[in-house]
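Remarks on the structure that follows.
The values are calculated or read from the model by the stated rules, or taken from the named source; none is laboratory data. This is a predicted model, so every value here is computed, not measured. Backbone-built Cβ (ideal geometry, glycine too); neighbour counts: all protein chains shown.
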Amino acid sequence: MLKSVELLPDKSKDELTRMLKEKWTIRYFDEKVDEFFAKGMIHGTTHLCVGQEPTATGPCSVLRDEDKITSTHRGHGHCIAKGADINLMMAELFGRSTGYCKGKGGSMHIADVEKGNLGANGIVGGGIPLATGAALTSKLKNQGDVILSYFGDGAANEGSFHESLNLASIWGLPVVFICENNQYGMSGSVKEMVNIENIAERASSYGIPGVVVDGNDLIEIMNETHKAVKHAREGGGPVLIEAKTYRWKGHSKSDARKYRTREEEQAWKDKDGIKRFRDLLISEELLTEEEAENLRKQAKQDVEEAVQYAEESPEPGLDTLLEDVYA
Amino acid sequence: MREITYVEALRECMSQEMRENENVFLMGEDIGVYGGAFGVTRGMIEEFGPERVRNTPISEAGITGSAIGSALTGMQPIVELQFSDFITIAMDQLANQAAKLRYMYGGKGNVPMVLRTPAGSGTGAAAQHSQSLEAWVAHIPGLKVVQPSTAYDAKGLLKAAIDDPNPVIFYEHKLLYKTSSDDVPEDPYSIPLGQADIKREGTDVTIVATSVMVHRALEAAEKLAEEGINVEVIDPRSIVPLDEETIVQSVIKTNRVVVVHEAVKRGGYGGEIASMITESEAFDFLDAPVKRLGASPVPVPYNPELEKAMTPQTEDLIQACRETLQRA
Ligand SMILES: Cc1ncc(C[n+]2csc(CCOP(=O)(O)OP(=O)(O)O)c2C)c(N)n1
Ligand SMILES: [Mg+2]
């Protein structure tokens with residue numbers, strides 16, 4: 001399909017342009033959420049993935065519908081990339097009854113189990129064992145499904161990460177661990193919190209492959225996750241992929257970003273993975289400037305419509321308080 | 001006197017202790033230049049440096065356990081967990097190590113550490129960032145459990161916790177961080193653990209309230225006073241050790257009692273307080289059953305109205321006092 005670079009997964013022109021639009025949808029969705037939090041229109045807290053769109057879109061694009069993901073507190077992008085309806089996501093952020101969690105979960109708990117998204121997670125590292133367990137189901141039931149587990153660089157210092165990688169390795173489970181290394185936890189720089197260059201190196205201590213990818217290079221991300229998913233699906237066991245990326249915004253809604261410089265932020269913004277993919281599709285003549293611009297506008301419009309849907313949705317009734325808990 | 005916030009009171013206490021006592025140091029996630037998730041340690045790394053204000057990886061079991069180990073060997077660490085929900089990850093080290101070491105070793109060795117952490121709902125942080133799990137730790141012999149409700153109490157209780165030779169779980173509350181008091185002395189002072197505070201004197205009904213509920217109890221008392229009902233509000237301040245005497249004497253005086261906490265009512269510490277009252281000499285003085293209020297048995301919901309409906313509000317306390325007073 002592409003002339004200038006090798007693309008391993010088989011993707012049509014339509015599929016590639018859809019992916020470009022999806023990244024814009026993720027960006028506009030989170031920018032909208034940012035605006036609403038600032039205005040006090042959404043309460044609680046949120047974690048935005050602006051700048052990390054390629055690591056949401058790329059890995060999810062090589063999955064089958066039946067494959068599953070576990071996500072993180074910074075999960076809006078993963079959710080959209082796994083096929084979520086942004087209307088229901090926005091409604092959840094507004095705490096409305098039509099939201100993915102009926103208004104009970106909020107930003108940190110959006111899940112779309114039907115689409116194979118086993119949920120965002122408020123506990124750093126909390127999803128990694130869940131993904132391992134889902135992969136165990138797939139193996140025990142011979143389903144052939146692969147589970148993709150998203151987590152951050154910070155999460156790689158939790159016991160849950162280490163215990164899960166070991167389990168998945170000794171049991172040969174079909175799970176791909178994908179570490180979105182955006183260089184910081186909340187404020188803790190990965191340079192200070194980890195004494196190795198690449199988190200992917202940790203794979204070797206569990207006897208599994210570890211790979212580093214450029215988190216702004218959608219093609220490289222797709223190629224490496226394609227290989228890892230294939231390896232896992234064919235019974236080769238887990239793979240750890242580390243994507244070097246950057247969150248453009250603060251950690252959560254109140255963050256003065258004292259732990260990093262504005263120059264560093266700008267340097268990463270200059271590597272914008274959306275622009276890079278857009279330029280590639282144009283230079284490959286899969287898309288004209290004008291078509292690209294239309295896609296971008298459409299993504300923005302979709303987000304506006306999601307906001308309208310959310311605003312028009314009803315609040316959950318107080319009678320729902322005790323629903324959906326067994327005991 | 002100057003007015004300072006609950007956050008400032010905590011910071012002032014830790015800073016004063018660290019200036020006086022070189023064994024005291026801090027460990028926690030993002031407590032350095034970020035100043036902690038709620039700004040409690042803001043400015044401290046600038047004064048004390050990264051050796052004594054240790055910014056840690058996201059490893060709750062590891063940092064809590066290493067605090068316990070360093071306490072056992074002569075240091076006096078203060079650990080900050082960003083949200084008290086994450087205590088679950090540190091629980092083995094707290095329950096199986098910190099709480100038991102001294103006893104298991106036949107009285108040899110101490111674990112003089114403090115684990116500070118914010119609990120509670122009301123911020124829209126939802127199910128994994130809003131719990132009140134103090135009854136879990138209170139159940140374990142060997143751990144002390146403190147819940148300050150004001151800036152004054154926060155400063156004095158934290159000093160007592162730091163000076164205590166035992167592990168202390170120090171529950172702060174997110175909704176209280178920005179509240180302020182004008183009665184906080186600048187000089188260090190200590191409020192002994194196990195000493196309740198009568199936050200308001202009254203004669204008709206006692207409310208025993210912890211943490212943020214102290215403020216709702218005071219509001220309820222204010223409203224009921226307009227109807228001529230005189231409420232006494234007791235804040236235990238620490239639930240382990242618990243000042244049973246102050247509670248019992250109050251109930252003997254008022255003959256009626258409402259026990260309230262934000263934690264889920266089922267299995268909550270209010271049950272312990274209620275049975276302590278009925279087992280005490282106050283039993284013969286009760287004119288109504290002990291009334292308990294706590295949260296509904298569900299995870300904390302995100303929607304603000306549902307979140308409010310889950311936990312006792314001032315109105316619920318007024319209602320509970322009325323019901324208790326209506327019993328013949
Ligand atoms: C067990 C646990 N510890 C701490 C936190 C508070 N917290 C939320 S996000 C975060 C940083 C996570 O860093 P990383 O895993 O790199 O993900 P990122 O936020 O960078 O996407 C922290 C410390 C939490 N939610 N859960
Ligand atoms: Mg990170």
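Quick test for you: out of A:THR55, A:THR72, pick the one residue that is within 13 Å of ligand 1 (Cβ to nearest atom) and away from chain B (no Cβ under 14 Å). Matching residue, one of A:THR55, A:THR72: A:THR55. B:THR41 meets all of the listed conditions (1) assigned to a loop (DSSP other than H, G, I, E, B); (2) farther than 23 Å from B:ALA160 by Cβ but one, namely (2).
Might you let me know whether the range A:251-266 holds any residue that is more than 14 Å from chain B (Cβ to nearest Cβ) and crowded, with 17+ Cβ neighbours inside 10 Å? Taking every residue of the range A:251-266 in turn, none turns out to be more than 14 Å from chain B (Cβ to nearest Cβ) and crowded, with 17+ Cβ neighbours inside 10 Å. Going through (1) touching a residue at least 40 places away in the same chain (Cβ under 8 Å); (2) within 13 Å of chain A (Cβ to nearest Cβ) one by one, B:PRO77 falls short only on (2). Applying the condition of being in a helix (DSSP H, G or I) and within 14 Å of another protein chain (Cβ to nearest Cβ) to the range A:35-51 and asking which residue is nearest to A:HIS251 (Cα to Cα) yields A:PHE37. Filtering the range B:177-193 to residues that are surrounded by 18 or more Cβ atoms within 10 Å (Cβ to Cβ) and under 15 Å from the mean Cα position of the chain (by Cα) leaves B:TYR177, B:ILE191, B:LEU193. Looking at the range A:223-232, can you tell me whether even one residue there is within 15 Å of the chain's Cα centre (by Cα), within 26 Å of A:GLU66 (Cα to Cα) and buried (at least 24 other Cβ atoms within 10 Å of the Cβ)? Yes - at least one qualifying residue is present in the range A:223-232. Selection of helices (runs of 4 or more DSSP H) fully inside the range A:180-280 by the criterion of at least 3 residues being more than 16 Å from ligand 2 (Cβ to nearest atom) returns A:218-233, A:262-269.
Does A:LYS275 meet the test of being under 21 Å from the mean Cα position of the chain (by Cα), over 30 Å from A:ALA91 (Cβ atoms) and without any contact (Cβ under 8 Å) to a residue 12 or more places away in the chain? Judged against the criteria, A:LYS275 is a match. Looking only at residues of the range A:129-143 that are surrounded by fewer than 19 Cβ atoms within 10 Å (Cβ to Cβ) and among the aliphatic types (A, V, I, L, M), we find that the one that is farthest from the chain's Cα centre (by Cα) is A:LEU140. Of all the listed residues (B:ALA309, B:ALA295), the sole one being among the hydrophobic types (A, V, I, L, M, F, W, C), at pLDDT 95 or above and closer than 16 Å to B:VAL258 by Cα is B:ALA295. Among the residues of the range A:171-181, none qualifies, meaning not one is more than 14 Å from chain B (Cβ to nearest Cβ), under 30 Å from A:MET90 (Cβ atoms) and polar (S, T, N, Q).
Kindly check whether there is at least one residue in the range B:37-47 that is under 21 Å from the mean Cα position of the chain (by Cα) and either within 20 Å of B:VAL137 (Cα to Cα) or more than 13 Å from chain A (Cβ to nearest Cβ) (or both). Scanning the range B:37-47, I find at least one residue that is under 21 Å from the mean Cα position of the chain (by Cα) and either within 20 Å of B:VAL137 (Cα to Cα) or more than 13 Å from chain A (Cβ to nearest Cβ) (or both), so the answer is yes. Scan the range B:153-163 for residues that are closer than 19 Å to B:SER181 by Cβ and out of contact with any helix residue (DSSP H, G or I) (no Cβ under 7 Å at 6 or more places or on another chain) and the total you get is 5. Among the residues of the range A:302-327, just one is within 12 Å of chain B (Cβ to nearest Cβ), in a helix (DSSP H, G or I) and among the β-branched types (Val, Ile, Thr), namely A:THR320. Restricting attention to the range A:187-203, does a residue exist that is farther than 24 Å from A:HIS251 by Cβ and either more than 14 Å from every other protein chain (Cβ to nearest Cβ) or of a type in the set (Asp, Glu) (or both)? Yes: one or more hits.
In this entry, A:SER283 is excluded by the filter for residues that are hydroxyl-bearing (Ser, Thr, Tyr), within 14 Å of chain B (Cβ to nearest Cβ) and over 30 Å from A:ALA135 (Cβ atoms). From the list B:ALA61, B:ALA71, B:ALA90, the one residue that fits, being within 12 Å of another protein chain (Cβ to nearest Cβ), more than 16 Å from ligand 2 (Cβ to nearest atom) and crowded, with 23+ Cβ neighbours inside 10 Å, is B:ALA90.
Among the residues making up the range B:294-328, those that are free of Cβ contacts under 8 Å to residues at least 60 places away in the same chain and crowded, with 22+ Cβ neighbours inside 10 Å are B:GLY294, B:ASN303, B:LEU306. Looking at A:ALA81, A:ALA91, which one is modelled with pLDDT of 95 or more, farther than 30 Å from B:GLU60 by Cα, within 12 Å of chain B (Cβ to nearest Cβ) and crowded, with 24+ Cβ neighbours inside 10 Å? Among A:ALA81, A:ALA91, only A:ALA91 is modelled with pLDDT of 95 or more, farther than 30 Å from B:GLU60 by Cα, within 12 Å of chain B (Cβ to nearest Cβ) and crowded, with 24+ Cβ neighbours inside 10 Å. Quick check on the range A:126-158: of everything there that is more than 16 Å from ligand 2 (Cβ to nearest atom) and among the polar types (S, T, N, Q), which residue is nearest to the other protein chains (Cβ to nearest Cβ)? That would be A:THR132.
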